[in-house]
Amino acid sequence: MTIAVLRRVLTMAVTLLVISALVFAIIKLPPGDFLTNRIMELRSMGEAASVAKAELLIRQYGLDRPVYEQYLIWIGLMPGPAGFSGLLQGDWGWSFEYDRPVSEVVGDALWLTLVVNLAALVFVHLVAIPIAIYSATHRHTAGDAVVTVLGYVGLAVPGFLLALILLFYANIWFGLSIGGLYDASFTGKPWDWPKVQSLLAHLAVPTLVIGLGGTAAMIRRMRANLLDELAKPYTVTARAKGLPPLRALLKYPFRMSLNPFVADIGNLLPHLVSGSVLVSLVLSLPTVGPLLLDALKSQDQFMAGFILMFVALLTLVGMLISDLVLVWLDPRIRMGAR
Amino acid sequence: MSPLLSIQNLQVDFGGHGAPFRALHGLSLDVMRGRTLALVGESGSGKSVTAQAILRILPRVATISAGRILFDTGRGATDIAALPPDGPAMRAIRGAGIAMIFQEPMTCLSPLHTIGDQVGEALRIHGNATRAEADVQARDAFARVGFPDPARALHTYPFELSGGLRQRAMIAMALILKPALLVADEPTTALDVTTQAQILALLTRLQDETGMAILLITHDLGVVANVAHDVAVLYRGRLVESGPRGAVMRDPGHPYLKALLHAVPRFDMAPGERLTPIRPARAVIPPARRPAAIDGPILRIEGVSKIFTLRSGRFGGPPRVVRAVSDVSLDLVPGRTLGLVGESGSGKTTVSKMVMRALAPDAGRVLFDDGTGPRDVHALAGADLFAYRRAVQFVFQDPYASLDPRMTVRQILTEPMEIHGIGGRERRARAEALMAMVGLEAGALGRYPHAFSGGQRQRIGIARALALDPKVLVLDEPVSALDVSVQAQILNLLKDLQAALGLTYLIVSHNLAVIDYMADTIAVMCRGRIVGQAPKAALFRNPVHPYTRALLAAVPDPSLDHPLDFSAVTGDHSDPGRWPEPYRLAPDEAGHMVEIEPGYHVRHGAADARRAA
């Protein structure tokens, strides 16, 4: 078991290395970079002092070196102008656009992103699982039909549209400020209790909006999975033993229907970071999504590179987690049987 | 004495999306204490519906519209039909008063929970036992049903067990609360004959020990003749005959039961005697055609071996090696049938897959002769391989899983022709001819598989195999998934098609009676080796090998004059180390084939060879 996990971690490291090369190559694909673009801009405006500073940055970050050297310096396998200082050493680089270290720019946004999306995730599961169970056990009843129609509506309504509508009414009825994850007056303030309260109040709308599409999709999938399992003979066996219906349902078919969702964790984790870009833009949430979009547009290479690598790492970690949970959950996988 | 269970005028209706229909038309029958009542009938006769009604686990679309099911709980009779199906009163009866075992021991056990958990569960619900108490009793139950290591069984998952042990686990689960009535719905249909005999022996023994009543649902009259005390015959939701076993079986009054007795292959059939299907099929058999003139076998399997390497149990252990097939040689004579018989795990399906070139042998060759001389199948490539694919076709065991539910019958039948470049017009004409050949209406070509019964689907499977006008058909258990009432139809159809089209069959089955009916030559396989090979008549006249004898002895015969000897079914028969001399084989010993009469070969051990030398 330990050996298998170690082997997985090793392949993960190799995968990450390959991904980092791809990410870097893609970021470097368009001609020029943030700084050369800026220098051209400044030159045309004749700001010599700023040009000098930009050229200093170019040398400082080795942007005048060949691309493969830049790559090796970035991941920390080759000494740069400031010695070994790359991703491997925990130096995430400099954001040229914000003129601050990437860690500072991303810092708050990263965990706010996780908070928003985790809230959405919890919301999805709390709402979807009971509804799916109800819908599967009351198949072809009026209740099932209502849930199904609501599910389709939830799938079909674009998140950003719903976000605008909800923001409008939240403002009118509850006096919430439009946009953001806390009231504008708290910006830049330390995290104290009123700010957390403000955060919790502002979380409701994004959670609902981000979660709604996922909830609808999850109800549909969970219902289909459960219906398959409910028709299996072992469900009948459980009833024939005299198990109360709910207990029989949760112990046997429900547990069987969980496997596909566990297998999905690998896709879910990166989605936490990059999935809600559109909604974040509309709601002007201070999350990573909009930052990534900006960084890609302005070729802010270390910023974009770091966020993409972070998402890749989350994907791999998610895959590992889902595999480990599957092994724990399903003895057939544990024993290597079919 | 009052009956334990008395079904009175029971009527069950199915509603739902399809046309409403009545599954049971006022059924009345009594199950007496300590006796076994066999409920016999074909699929759709209402026997499973009866079982489900007794436990109130009917499908949602079914309702009990009239009648009573009186069950004597020991404190007076309760009308089960009047109880709410998931209420506490009904749940208390389930498991504790009436327990049930099912046909498919694999799918009826949850793969995610240990059998110790699932067996002990009933105790924890009904008797409020703790996990530890339940484990102790579950262990006793495993010992009672014959688990080799009951303590280990507690922590075993169903997929780690053989089919026979799974069914034993189901029985342990049903009997742990010592119910007064056991409802057994086709408990042995999915098992090998030898395992079936063991399970039947177990049920009989447990009945003697506990005095429980058994309601045994089956379509196998051989099983009925061996374990039932009373028999009730259902036909289209009505009771057509009932009474003590001897009276009903010896002197069947209803034509349906008479027909059923003649629709299953038996060993005492006269040479050339045909089965009489319950409902005659109207297949249009094409005019006879001579088989291709080939000297020698059309297909020769020469010293073929196959070893499977399994991933080890836990992560990182050494891989396990299974010798699935060891040095098997067989000849298929053109226009004749070779039967390959053995228990599950004996390697017979692996052999058929190597013939199909679905698996590559680790040693040995498969030679196919299309009239131009024998050629190694596994060395074929390109156009030759394409031609071989056309010449050898496969009929699968499960007619439900082997037809794509999203394709119409026309698509299913024309797809092979499309792949092999047969023109559109010819394809359509041939599809209609194929339908007629297997006795189906050409009008049904546009329908999807779900619209057909199991027997009809198997006909479609046969038609698909014949689409490319093959020379050899490999039949893997062609009727074992089918209802008894249609087995005869399919077997007769296969025989007629063979005679007309000059086909060569390789039929693989664990059912000796089916092999006996179909095959000209029979090879018996055990643990990957052929232990006996002989012309049909010689093998059944003189079954010398202990394994062959054990297989034969385990087949339940529908006539009351040949009862199974339950004391003889021990499970030792498949261990070559326990065979008597001269058949005994040491572990990994190959032994050698000895011809005991013309064409009759039996495998002997090395000890025999040393004595001869």
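The values are calculated or read from the model by the stated rules, or taken from the named source; none is laboratory data. From a predicted model like this one, the values you see are computed outputs, not experimental measurements. Virtual Cβ from ideal backbone geometry, glycine too; neighbours counted across all protein chains shown.
Tabulated data for the structure shown
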item	result
Of all residues in segment B:119-153 being of a type in the set (A, V, I, L, M) and within 14 Å of another protein chain (Cβ to nearest Cβ), the one that is farthest from A:Leu246 (Cα to Cα)	B:Ala141
Any hit, segment B:259-269, residues being under 20 Å from the mean Cα position of the chain (by Cα), under 28 Å from B:Pro3 (Cβ atoms) and not in a loop (DSSP other than H, G, I, E, B)	yes
Only listed residue being touching a strand residue (DSSP E or B) at 6+ places or on another chain (Cβ under 8 Å) and either of a type in the set (Phe, Trp, Tyr) or within 11 Å of chain B (Cβ to nearest Cβ) (or both), chosen from A:Lys251, A:Lys241	A:Lys241
Condition met for A:Leu268 (more than 21 Å from A:Ile129 (Cβ to Cβ), more than 14 Å from chain B (Cβ to nearest Cβ), of a type outside the set (Val, Ile, Thr) and in a helix (DSSP H, G or I))	no
Residue satisfying condition, being within 14 Å of chain B (Cβ to nearest Cβ) and part of a helix (DSSP H, G or I), within set A:Val311, A:Val327	A:Val327
Per-region count, segment A:189-237, residues within 14 Å of chain B (Cβ to nearest Cβ) and either small (Gly, Ala, Ser) or in contact with a Cys (Cβ under 9 Å, 6 or more places away or on another chain) (or both)	6
Sole exception among (1) at pLDDT below 85; (2) on the phi < 0 side of the Ramachandran plot for A:Gly336, by number	(2)
Selection from segment A:96-130 of residues that are out of contact with any strand residue (DSSP E or B) (no Cβ under 7 Å at 6 or more places or on another chain) and buried (at least 20 other Cβ atoms within 10 Å of the Cβ)	A:Phe96, A:Val106, A:Ala109, A:Thr113, A:Val116, A:Asn117, A:Ala120, A:Val124, A:Ala128
Boolean, B:Leu58 is in a loop (DSSP other than H, G, I, E, B) and of a type in the set (A, V, I, L, M)	yes
Segment B:27-39 residues that are in a strand (DSSP E or B), paired with ones that are acidic (Asp, Glu) (beta carbon under 6 Å, 6 or more apart)	B:Leu37/B:Asp230
Filter pass, A:Ser298 being without any contact (Cβ under 8 Å) to a residue 40 or more places away in the chain and either under 30 Å from A:Ile58 (Cβ atoms) or within 14 Å of chain B (Cβ to nearest Cβ) (or both)	no
Residue among B:Leu70, B:Leu109 that alone is in a loop (DSSP other than H, G, I, E, B) and either of a type in the set (A, V, I, L, M, F, W, C) or within 14 Å of chain A (Cβ to nearest Cβ) (or both)	B:Leu109
Of residues in segment A:16-35 being buried (at least 16 other Cβ atoms within 10 Å of the Cβ) and of a type in the set (Val, Ile, Thr), the one farthest from A:Phe96 (Cα to Cα)	A:Ile19
Residue match in segment A:67-74 (condition: assigned to a loop (DSSP other than H, G, I, E, B), surrounded by fewer than 19 Cβ atoms within 10 Å (Cβ to Cβ) and at pLDDT 80 or above)	no
Test for A:Leu269: is it surrounded by fewer than 19 Cβ atoms within 10 Å (Cβ to Cβ) and under 12 Å from the mean Cα position of the chain (by Cα)	no
Matching helices (runs of 4 or more DSSP H) fully within segment B:438-539 where at least 2 residues are closer than 16 Å to B:Gly335 by Cα	B:484-501, B:512-518
